[in-house]
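The values are calculated or read from the model by the stated rules, or taken from the named source; none is laboratory data. None of the values given here were measured: they were computed from a predicted structure. Here the Cβ positions follow ideal geometry from the backbone for every residue, glycine too, while neighbour counts run over all protein chains shown. To get the accessible areas, we keep the full protein, side chains included, count just its heavy atoms, and leave off ligands, DNA and RNA. Shrake-Rupley method; radii C 1.70, N 1.55, O 1.52, S 1.80 Å.
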Amino acid sequence: MCYHYCHKVFSDVSKGTLPLLAFFNEVMEMSKKVLEISGVSVEQLANACGTPLYVYDENKITQKMSQFHELFQSEDFETEVLYASKAFSCKAIVQMAAAHGLCLDVVSGGELYTAMQAGFPMEKIYFHGNNKTWDELIMALEAGIGCVVVDNAMECELLVKAAQRVGTTVRTLIRVNPGVEAHTHKYIVTAHLDSKFGISISRMEDIRNMIQTLTSIPNVTFEGFHSHIGSQIFDKDAYVAEIQTLMKFVNDMQKAYGITTKALNLGGGFAAYYTSEDHPIPLQEVCQTILDTCKWERDRYQLPLEKLMIEPGRSIVAEAGSTLYRIGYQKQTENKKYIFVDGGMSDNIRPALYQAAYACDIANRMDEEKSETVTVAGKCCESGDILVENVQLPHAQTNDLLILYTTGAYGYSMASNYNRLGRPAVVFVKDGKVRFVVKRETYEDMCKLECDEEIKV
């Protein structure tokens, strides 16, 4: 596809005379009428797999995992890329992360169990979370997990007791709040100190005490700190501010208490493309910025820092995934025209939860002019069950297929059975082949845990 054609396509998109090809933030190959995903038409997918349907282009996931693994390499540091599984967790995606040399970030016993079932190397797992239970800690230690990211002082004490019980060795990081919050196009210093996660870097003595608690037994080691400054970060200077703040803190801890920091986990927040309003930082640029800034600040303070980690999740899977719906009824009110689809907030809570914006198309009529302004609404019994508001689409008909782009992160993982709707199936598509990686939830599935059993208390 030549440059002049691509330039014309994007020019026409901006004028609204062509469909918005937000899928993967690049021009897709399609037939004149019906959208294709990795060689399979959406009509074939809907007919074979039903709707609503989460559809992932497996090649796009592979590409992003490979890019992160290759770009976050340094001659000055040991580096690790952790896939943040909260974005989308199932055995298939965990196995892909392992195949591409990634580590794994889990935040619950359920995510850990999924990793165990997928055969993921336990020593490459980092266990996050602000309220890990005793059972979860025991489970993690017995499984031989590599590292626990400790959130607070009470967890330090519980982890030490669990480690004494199990007897295995575990590495730890402490999650700290650097007071740098990144949000879309700007970052605000000292605005994140009241987060529910971690401990403020201003509380140095408390942090020193946490480290002393962790290292009070020989099978728990302290390696360094973890920080996370936000999601959908579009400004690379936010990472610069985070690193500069953390490095000064590490230097202060070393001078005040003689504490050596060997590792820093800088979190995630790498942006994905949802609509034409979004301009993610190119991966090569953001990875190089992080590595260069870390080297500069380490050398500036002459720190013994050896290892760096990042935690991409959304940026790996979001653009690779879309949700396919069938259009049902339509309704004209005094001020709006609605088109209703066979899913909604039960399979994508993000628009209702925090007004997330998406792009969409009528996927079986891609060649038609977008002549109507409509609101795409789901079938849940909530007024807030709106997927896309005031979007330009062709005139819709019942049984048309609507595709919502960039739903690969936090769609399936946040899905629910609200209104007793079953969670959709998940399919991976690659070079004309389709496979289920998660089956569609049936009515029977939703009732299988219900019972009437007397309990002796």
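Any chance you could run the full-extension gain for Ala256 through Ser216? It's 0.36 nm times the residue separation minus the Cα-Cα distance, nm to one decimal.
12.5 nm
How large is the dipole of region 127-311 about the Cα centre if only Lys and Arg carry +1 and Asp and Glu carry -1, each at its Cβ, rounded to the nearest 20 debye?
That gives region 127-311 a dipole magnitude of about 560 debye.
So what is the calculated 222 nm ellipticity per residue for the chain, using -39500 (n - 2.57) for each DSSP H run with n of 4 or more, over all residues, to the nearest 500 deg cm²/dmol?
-9500 deg cm²/dmol
Dipole of region 340-435, Cα-centred, from +1 at each Lys and Arg C-beta and -1 at each Asp and Glu C-beta, to the nearest 20 debye?
540
How far is it, in nm, from the label point at Lys91 to the one at Ser371 when both lie 7 Å from their Cα along the line to the Cβ?
4.9
Counting DSSP beta bridges in region 127-311, what percent are antiparallel, to the nearest 5?
Antiparallel bridges: around 15 percent, rounded to the nearest 5.
So how much slack lies between Glu70 and Arg203, counting 0.36 nm per residue of separation and subtracting their Cα-Cα distance, in nm?
Additional length available on full extension: 44.2 nm.
Below 14 angstrom from the Cβ of Pro304, what's the summed charge of the other residues (Lys, Arg +1; Asp, Glu -1)?
Computed value for this residue: 0.
Output the relative contact order of the chain, whole-number percent, from Cα pairs under 8 angstrom with separation of 6+ residues.
Reported as a whole number, the value is 20 percent.
Counting only DSSP beta bridges with both residues in the chain, what percent are antiparallel, rounded to the nearest 5?
45
Show Phe222, Phe270 ordered by accessible area, largest first, where the area counts protein heavy atoms only and the probe is 1.4 Å.
Output order, biggest surface exposure first: Phe222, Phe270.
Only Lys, Arg, Asp and Glu count, each charged at its Cβ (+1, +1, -1, -1), so figure out the dipole size of the chain about its Cα centre, rounded to 20 debye.
It comes to approximately 120 debye.
Once you have the Cα-Cα distance between Lys295 and Lys161, take 0.36 nm times their residue separation minus that, and quote the gain in nm to one decimal.
44.6 nm
Counting only protein chains, not ligands or nucleic acids, how are Arg300, Arg165, Arg423 ordered by accessible area (probe 1.4 Å), most first?
Sorted descending by solvent-accessible area, the residues read Arg165, Arg300, Arg423.
To the nearest 10 degrees, how steeply does helix 3-15 sit against the main Cα axis of the chain, on a 0 to 90 scale?
80
Residue-wise, which Karplus ³J(HN,Hα) couplings in Hz belong to region 445-450, taking 6.51 cos²θ - 1.76 cosθ + 1.60, θ = phi - 60°, and x for glycine or proline?
4, 5, 9, 5, 8, 6
Rounded to two decimals, what ratio of Rg to Rh does region 346-453 give with C-alpha atoms and a Kirkwood Rh?
1.01
Among [x] 61; [y] 57; [z] 65, which is the computed percent of Cα pairs over 27 Å apart?
Here percent of Cα pairs over 27 Å apart agrees with entry [y].
So what is the accessible area of region 94-156 per residue, in Å², with the probe set to 1.4 Å?
Per residue, region 94-156 has 36 Å² of solvent-accessible surface.
What FRET efficiency comes out for the pair Val34/Asn419, r = Cβ-Cβ distance, R0 = 35 Å, nearest 0.05?
Efficiency, rounded to the nearest 0.05: 0.70.
From the cross-link list Lys236/Lys336; Lys124/Lys196; Lys86/Lys448; Lys307/Lys430; Lys236/Lys433; Lys337/Lys433, which pairs have alpha carbons spaced over 32 Å apart?
Lys236/Lys336; Lys307/Lys430; Lys236/Lys433; Lys337/Lys433
State, to one decimal in nm, how far the label point of Asp452 lies from the label point of Gln397, with both points 7 Å from Cα in the Cβ direction.
About 4.9 nm, to one decimal.
In nm, to one decimal, how far is the Asp194 label point from the Tyr338 one, both placed 7 Å along Cα→Cβ?
The modelled label-to-label distance comes out at 3.7 nm.
At a Förster radius of 51 Å, what calculated FRET efficiency corresponds to the Cβ-Cβ distance of Lys307 and Ser383, to the nearest 0.05?
After rounding to 0.05, the efficiency reads 0.55.
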